[in-house]
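As structure tokens, the structure follows; a few thoughts come after it.
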Amino acid sequence: MTSTPPRASRSSKSAPAAAPRTRAGALATDVGAAPPSPAPEPGHPALPALSDPVRQQWVAEAAYFIAERRGFLGGSPEDDWSQAEVQIDRMLAGPPH
């Protein structure tokens with residue numbers, strides 16, 4: 001039977017925490033990191049942080065479904081996009097209070 005070696009105990013000194021890394025592996029504090037979101041306007045709830053590419057993908061999918069509901073007849077892609085942005089922003093804002 002093989003025994004497992006004992007775990008090394010941590011010393012009272014702890015190593016400094018590493019800076020968080022982004023998906024691409026760059027340090028979050030590196031130049032070019034996303035700037036903080038602006039403060040919400042008074043009277044408007046803050047939207048959860050969502051990267052622009054993810055939000056854009058959600059809006060694109062919502063716009064597609066809007067056009068699909070009307071059978072892709074009439075309307076315009078710009079109107080579909082605007083309506084989709086409203087839907088996504090409303091969804092991100094959460095239920096009305």
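The values are calculated or read from the model by the stated rules, or taken from the named source; none is laboratory data. Model, not experiment: these values are computed from the prediction. Cβ atoms come from the backbone with ideal geometry, glycine included; neighbour counts cover every protein chain shown. For accessibility, only protein heavy atoms count, side chains too; no ligands or nucleic acids. Shrake-Rupley method; radii C 1.70, N 1.55, O 1.52, S 1.80 Å.
What the table shows:
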item: Accessible-area ranking of GLU85, GLU78, largest first, probe 1.4 Å; result: GLU78, GLU85
item: Efficiency of FRET between PHE72 and ASP52 - r from beta-carbon atoms, R0 35 angstrom, step 0.05; result: 0.85
